[in-house]
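Structure, as structure tokens:
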Amino acid sequence: MSAAQWRRAMNSTVQSASPRVPRPAAPPAAAPAAPAPLWSERIGIRPRHVIVLAALLLYPFVASPFFTYQIGAQSLALGLIALSLTFLGGYGGMVSLAQMTIAGFAGYGVAIFGTSSVATISLGWPWWLAAAFSIVLATAFAAAVGWLSVRTEGIYTIMITLAVGVAFFYLTQQNYTVFNGFAGLSKVAAPEFLGVDWKEPVPFYFAALACALGGYWLVKHLIRAPFGIALQGIRDNPRRMASLGYHVTAHRVAAYAVAGLLAAVGGVLMVWYNGRISPGTVNLAQMIAILIIAVLGGMRHPIGAFIGAIVYVLLQNFAIDLFVRERFNLVIGGGFLAIVLFSPDGLLGVWAMLRSRLAQPARSHQKRRQL
């Protein structure tokens, strides 16, 4: 072997023994950026929400004053009070019978701090100051009721709130210095400002609609917020949430305060709607009626409170055409019993079951076509 051949053989051996350096992999192609969500999707607005809102806005222009005021406005005010119970019961696991009491507390506040037929009792404050101060006091009263009742569970919580409601009823009925006793306070007129008489059917309907939409948005926002998520966790397992560091009592009392705010606004609307307030507004029948409205619509959905209120008001106004007026409570009780037995989720639960049954044949037909 010549020297040149020996050098070539050695060079080829060294090259084969040296490790190969891997080539860097090509960077992966960037995934196409997802389109930014629309503002309506970010705040949770769906097409059905737009349709319902448009219908609510057009309703007073196509309905008679009776349906606008007696049906529409009253349903919105009662639905707002029932929404407070839906928030407590559906998302906090606390059933309170004192929500109508809190609404009546705010209603009495408007009559006492504002103007009424009894000049010796009413202080004559401007309507906006009387309404705002009454809502603040009612919210504080609701927090106090919550502080008393959240330390118990189940039937004991219901009994405490029932006791508070009954005590307030007898207080208003027997006290003549502040509440004017059994007669109550009348001529509590809705405000007049911006050149509009808000006692008229259409303006009052829009005022009630604005308050109802505000309450609905507040509940929908809270149940997605950290506070609402923690409250639902406390509803499901309070001991575990306490072990994770959450203050169970504070969250429950705060939930009562939020529910009290909703009920207080509804109470102000109701006293302006009726033009008066008396112990009959906060008696046991009215406390039970709020519970029936909330359960009738569905305690797991904020919109259920307003659906239950519409059904309740319609039955209250037109049951006399089908039944004797004295049988109204029997009709409401029978409907309430049927809902509890067959659909614990209320009328919305019935609608969900019907929709699933109607959609089942379509899904089975689609599966057969795929096979």
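Looking only at the stretch 177-194, count every residue that is closer than 16 Å to PHE113 by Cα and part of a loop (DSSP other than H, G, I, E, B) and tell me the total. Let's see the steps before the verdict.
Of the stretch 177-194, the ones closer than 16 Å to PHE113 by Cα are 177-180, 184-191.
Narrowing the set further to residues that are part of a loop (DSSP other than H, G, I, E, B) leaves 177-180, 184, 187-191.
Here the count works out to 10.
Pick out the one residue from GLY93, GLY89 that is at positive phi and either acidic (Asp, Glu) or out of contact with any His (no Cβ under 9 Å at 6 or more places or on another chain) (or both). So the residue among GLY93, GLY89 that is at positive phi and either acidic (Asp, Glu) or out of contact with any His (no Cβ under 9 Å at 6 or more places or on another chain) (or both) is GLY93.
Is it true that some residue in the stretch 140-162 is polar (S, T, N, Q) and within 16 Å of ILE277 (Cα to Cα)?
Applying the first criterion (polar (S, T, N, Q)) to the stretch 140-162 yields 149, 152, 157, 161.
Adding the requirement that they be within 16 Å of ILE277 (Cα to Cα) leaves none.
No, there is no match, as no residue in the stretch 140-162 is polar (S, T, N, Q) and within 16 Å of ILE277 (Cα to Cα).
Remark: GLY297 matches the filter, which requires a residue to be modelled with pLDDT under 90, out of contact with any strand residue (DSSP E or B) (no Cβ under 6 Å at 6 or more places or on another chain) and surrounded by 19 or more Cβ atoms within 10 Å (Cβ to Cβ). Checked against the criteria, ARG300 counts as under 14 Å from LEU83 (Cα atoms) and among the charged types (D, E, K, R).
Considering every residue within the stretch 162-177, establish whether at least one is at pLDDT below 90, more than 18 Å from the chain's Cα centre (by Cα) and not basic (Lys, Arg).
No, there is no match, as no residue in the stretch 162-177 is at pLDDT below 90, more than 18 Å from the chain's Cα centre (by Cα) and not basic (Lys, Arg).
Looking across the stretch 138-161 at every residue that is modelled with pLDDT of 90 or more and of a type in the set (Ser, Thr, Tyr), the one that is nearest to LEU261 (Cα to Cα) is identified as THR139.
For the stretch 300-320, a tally of residues being crowded, with 18+ Cβ neighbours inside 10 Å and within 30 Å of GLY181 (Cβ to Cβ) returns 4. All of TRP217, TRP198, TRP128 fail the test of being touching a residue at least 12 places away in the same chain (Cβ under 8 Å), surrounded by fewer than 16 Cβ atoms within 10 Å (Cβ to Cβ) and not charged (D, E, K, R), apart from TRP128. Set side by side, the residues ILE135, ILE81 differ, and just one is at pLDDT 95 or above and within 16 Å of the chain's Cα centre (by Cα), which is ILE81.
Can you pull out the residues in the stretch 94-125 that are farther than 30 Å from LEU231 by Cβ, of a type outside the set (Phe, Trp, Tyr) and without any contact (Cβ under 8 Å) to a residue 40 or more places away in the chain?
Restricting attention to the stretch 94-125, the residues satisfying the condition of being farther than 30 Å from LEU231 by Cβ are 111-125.
Imposing the further condition that a residue be of a type outside the set (Phe, Trp, Tyr) reduces the set to 111-112, 114-124.
Listed by number, the residues that qualify are ALA119, THR120, LEU123, GLY124.
If you check ALA55 against the conditions, is it buried (at least 17 other Cβ atoms within 10 Å of the Cβ), out of contact with any His (no Cβ under 9 Å at 6 or more places or on another chain) and assigned to a helix (DSSP H, G or I)? It would help to see each step written out before you state the result.
Values: buried (at least 17 other Cβ atoms within 10 Å of the Cβ): no; out of contact with any His (no Cβ under 9 Å at 6 or more places or on another chain): yes; assigned to a helix (DSSP H, G or I): yes.
Taking the combined requirement at face value, the residue does not satisfy it.
Checked against the criterion of being touching a helix residue (DSSP H, G or I) at 6+ places or on another chain (Cβ under 7 Å) and in contact (Cβ under 8 Å) with a residue 12 or more places away in the chain, the candidates THR152, THR249, THR139 yield just one match: THR139. For THR161, are the conditions met, namely being over 16 Å from LEU269 (Cβ atoms), part of a helix (DSSP H, G or I) and of a type in the set (Ser, Thr, Tyr)? Criteria met by THR161.
The values are calculated or read from the model by the stated rules, or taken from the named source; none is laboratory data. Just so it is clear, the structure is predicted and the values come from calculations on it, not from any experiment. Heads up, the Cβs are rebuilt from the backbone with ideal geometry, glycines too, and the neighbour counts pull from every protein chain shown.
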